[in-house]
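Worksheet: the structure to be examined is printed underneath.
The values are calculated or read from the model by the stated rules, or taken from the named source; none is laboratory data. Everything numeric here is computed off the predicted structure, so don't read it as measured data. Here the Cβ is made from the backbone with ideal geometry for all residues, glycine too, and neighbour counts use every protein chain on show.
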Amino acid sequence: MIKDISKQIQERFNQKGYTIPDSEIETRLDKLINEFKVPAEEAHRSVVNFFLKEYNIPREDFFPAQGDTPTVQISDIDTDNKWVNIRAKVVQLWDSEHESIDQVGLVGDETGTIKFTKWTRADLPKLVEGKSYLFKNVVTDSYEERFSIKMNRTSQIEDINDDIIEVELVPTVEISDIDTDNKWVNVRAKVAQLWDSEHESIGQVGLIGDQTGTIKFTKWAKSELPALVEGKSYLLKNVVTDSYDGRFSIKMNKTSQIEEVNEDIEIGTTEVEFIGAMVDIQAGSGLIKRCPECNRALIKGVCGEHGKVEGVYDLRIKAVIDDGRSVQDSLLNREISERVTGITLDEAIHMATEALDQSVVIEKIKGEFVGKYYSVSGPKLDRYILVDTITPLGPIENSEIEAIIAQVEV
Amino acid sequence: MASQYTREVSYRIFAQEFRDSNLSFKDGSDQYSPQYLLTPTGAKINRMFIVGTLTEKEDIGTDAEYWRARVVDPTGVFLIYAGQFQPEAARVVAEVESPQYLAIVGKPSTYQTEDGTILTSVRPENIHVVDPATRDRWVVETAQCTMERINNIDSNHPDAVRAKEHYQPDVSIYRKMAFDALKDLNSG
């Protein structure tokens, strides 16, 4: 590592016509990094400054004059610690979270957008959202494989009067195209399901879908975005892709935006059938209450988004079906639940009122269904089958048993 | 982050194979790591689904109720223990009269006797009364699952490899067991 940094430093000085012996650079770096445990970046900086002083080199001479700095497009930025010029428009200004940061946000050009950070100490002019600038001598940076640019004391900012920059904002993609993480995208999709949030940091979680498929989404509580409603279609702007265990998802954070769209986006799905024993009916089944505003299931009368609300009754069954080889989560909505149990929502409410206990409904359903064999079919969304037909399996045919015996005998 | 938790499959095992099982271990080292039982045909089970006939039940608890139930399939007996920590299951056992067909979802459990013998039993998560058709279907399904495992016993699947190493099973015994269970069903 020391050799690499030393080489970089020496080359920089060489370019400027100053020769500094390797050994001297290495000795200083070694001392800083190995003896004093200084981070490499800081050591690099410190050594450069040391030799500038030592050889009496004017700083302006060394730090890139603008002639040297390449003017690049945003999509070309693929390494950190590089000095560049870019022509870009300020797309968004975010709230600075630290006094050392004067302004922070997103700039964009024809090729894409990138985060920028303007340090307070840089003492640069205020940037205005929607205006275009020539940013000179800014330095690239990366954090968790995402690039950004920093504007510091050596940077300069010039107004571009004519607003020539057509920003290629975040690309709008289809769900099936999402195959990398940490990418900013826009998605047009319908909310297929809202799940119960399992953590206070998560505002909403569930499944969205478009013609090409479905994907999990997480909306952070801190994002302060409006509540998504099941069954409605939205344009979700500036969301970030993520992956876990090989499955992709999108996250909505503070910089994301949500716009409701009028069209009803159709969700492309695959119809599947699963046969097995119902081994469990999960909590949150039977008679439940939903939030009147966002439709999510209440937990002890409380909505994760809207707090204590007067809930609206609903009937649903979250069944776990298992064939001894794999497990299939299955979701039965009110219509299917009513049909298969023979208990209407009104009757369920009546049962609960009589017993002074909402759980009598789930207990009754469990008693009737768990431990028996069913065939369920319906579209598969993420790990759930949204059941539109459920059939109890009757007695097994003798011919079927004979066929299996024939197989075993072989 | 809330992890995408995967539910354990409920394996189908006949009583005979369950009784022959004695290799129990944890996957991972912390106290919350799941406990598994590896069976002679290479099923690594943390949960199982049984349908059989309740033949006997007894409250063996001293203070609180603690039920021991014998549930029989075509190949042998499962011992089911349900106490205060399995209130729903214990209530069902307390209420039903034997004989009765029961469907049980539960966790395998092992106990080592003084002479070193390992006894297996089941800690139920839920118990439900079912009909004979469900029981027949379970026998067929369990025979099929058992045959699938036997057919894979020479594969390089880690569970099969480990089962062969530990039990050196004569799989023809289990093949015959599955076959007899099916035959029994067909004649009955």
Answer residue from the range B:113-142, given it is farther than 19 Å from B:Pro74 by Cα and not in a strand (DSSP E or B) and is nearest to the other protein chains (Cβ to nearest Cβ) among those:
B:Thr117
Among (1) in contact with a Ser or Thr (Cβ under 6 Å, 6 or more places away or on another chain); (2) touching a residue at least 24 places away in the same chain (Cβ under 8 Å); (3) of a type outside the set (Phe, Trp, Tyr); (4) exposed (fewer than 13 other Cβ atoms within 10 Å of the Cβ) - the single one A:Thr79 does not satisfy
(1)
Test of understanding: among A:Ile385, A:Ile349, which residue is closer than 29 Å to B:Arg91 by Cβ and either of a type in the set (Val, Ile, Thr) or in contact (Cβ under 8 Å) with a residue 24 or more places away in the chain (or both)?
A:Ile349
Just checking, does the range B:137-158 include any residue being modelled with pLDDT of 95 or more, over 19 Å from B:Asp20 (Cα atoms), surrounded by 21 or more Cβ atoms within 10 Å (Cβ to Cβ) and in contact with a Lys or Arg (Cβ under 8 Å, 6 or more places away or on another chain)?
yes
Return the total of residues in the range B:1-32 being within 30 Å of A:Leu207 (Cβ to Cβ), assigned to a loop (DSSP other than H, G, I, E, B) and either within 12 Å of another protein chain (Cβ to nearest Cβ) or of a type in the set (S, T, N, Q) (or both).
10
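Among the aliphatic types (A, V, I, L, M), surrounded by fewer than 17 Cβ atoms within 10 Å (Cβ to Cβ) and touching a residue at least 60 places away in the same chain (Cβ under 8 Å): is that true of A:Ile250 in this structure?
Details: among the aliphatic types (A, V, I, L, M): yes; surrounded by fewer than 17 Cβ atoms within 10 Å (Cβ to Cβ): no; touching a residue at least 60 places away in the same chain (Cβ under 8 Å): yes.
Here the answer is no, as A:Ile250 does not meet what is asked.
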Scan the range A:26-36 and give yes if some residue there is part of a loop (DSSP other than H, G, I, E, B) and either aromatic (Phe, Trp, Tyr) or at pLDDT 80 or above (or both), otherwise no.
yes
Among (1) surrounded by 12 or more Cβ atoms within 10 Å (Cβ to Cβ); (2) within 28 Å of the chain's Cα centre (by Cα); (3) closer than 26 Å to A:Arg12 by Cα, there is one condition A:Asp109 misses while meeting the rest; what is its number?
(3)
When A:Glu347 is run through (1) buried (at least 16 other Cβ atoms within 10 Å of the Cβ); (2) away from every other protein chain (no Cβ under 13 Å), the failure sits at (1)
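Quick one: which of B:Ala163, B:Ala82, B:Ala133 is among the small types (Gly, Ala, Ser), touching a Gly at 6+ places or on another chain (Cβ under 7 Å) and touching a residue at least 24 places away in the same chain (Cβ under 8 Å)?
Of the residues listed, the single one that is among the small types (Gly, Ala, Ser), touching a Gly at 6+ places or on another chain (Cβ under 7 Å) and touching a residue at least 24 places away in the same chain (Cβ under 8 Å) is B:Ala163.
Taking the condition of being in a helix (DSSP H, G or I) and β-branched (Val, Ile, Thr), how many residues in the range A:37-57 meet it?
2
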B:Arg162 fails exactly one of the following numbered conditions: (1) away from chain A (no Cβ under 14 Å); (2) under 24 Å from B:Arg70 (Cα atoms); (3) part of a helix (DSSP H, G or I). What is the number of that condition?
(2)
Hey, could you check the range A:218-249 for residues that are in contact with a Leu (Cβ under 7 Å, 6 or more places away or on another chain) and in a strand (DSSP E or B) and say which is farthest from A:Ala192 (Cα to Cα)?
A:Lys219
Criterion: among the aliphatic types (A, V, I, L, M) and at pLDDT below 95 - qualifying residue of B:Val51, B:Val72, B:Val9:
B:Val72
Would you mind finding the one in A:Ser197, A:Ser176, A:Ser155, A:Ser142 that is polar (S, T, N, Q) and touching a Lys or Arg at 6+ places or on another chain (Cβ under 7 Å)?
A:Ser155
Only one of (1) in contact with a helix residue (DSSP H, G or I) (Cβ under 9 Å, 6 or more places away or on another chain); (2) buried (at least 16 other Cβ atoms within 10 Å of the Cβ); (3) within 28 Å of B:Glu141 (Cα to Cα) fails for A:Leu331. Which number is that?
(1)
State whether one or more residues within the range A:271-283 are of a type in the set (D, E, K, R), closer than 17 Å to A:Val191 by Cα and either within 14 Å of chain B (Cβ to nearest Cβ) or surrounded by fewer than 21 Cβ atoms within 10 Å (Cβ to Cβ) (or both).
no
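Among what's in the range A:372-393 and is assigned to a strand (DSSP E or B) and within 14 Å of chain B (Cβ to nearest Cβ), pick the residue that is surrounded by the most Cβ atoms within 10 Å (Cβ to Cβ).
A:Tyr373
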B:Asp63 vs. criteria away from chain A (no Cβ under 13 Å), farther than 21 Å from B:Pro132 by Cβ and at pLDDT below 95
yes
Can you spot a residue in the range A:258-268 that is without any contact (Cβ under 8 Å) to a residue 40 or more places away in the chain, farther than 26 Å from A:Gln92 by Cα, in a loop (DSSP other than H, G, I, E, B) and of a type in the set (Asp, Glu)?
yes
Could you please give the count of residues in the range A:123-135 that are over 14 Å from A:Asn161 (Cβ atoms) and within 32 Å of the chain's Cα centre (by Cα)?
4
Pick from A:Glu400, A:Glu363: which is over 22 Å from B:His128 (Cβ atoms), within 14 Å of chain B (Cβ to nearest Cβ) and either of a type in the set (Asp, Glu) or surrounded by 14 or more Cβ atoms within 10 Å (Cβ to Cβ) (or both)?
A:Glu400
Just one of the numbered conditions (1) within 14 Å of chain A (Cβ to nearest Cβ); (2) of a type in the set (Val, Ile, Thr); (3) outside any loop (DSSP other than H, G, I, E, B) is not true of B:Val77; which one?
(1)
The range B:33-65 - residue that is acidic (Asp, Glu) and assigned to a loop (DSSP other than H, G, I, E, B) and, of those, surrounded by the most Cβ atoms within 10 Å (Cβ to Cβ):
B:Glu65
Residues to consider are A:Val104, A:Val167; find the one that is surrounded by 13 or more Cβ atoms within 10 Å (Cβ to Cβ) and either assigned by TED's automatic domain parsing to the domain that holds A:Val205 or at pLDDT below 85 (or both).
A:Val167
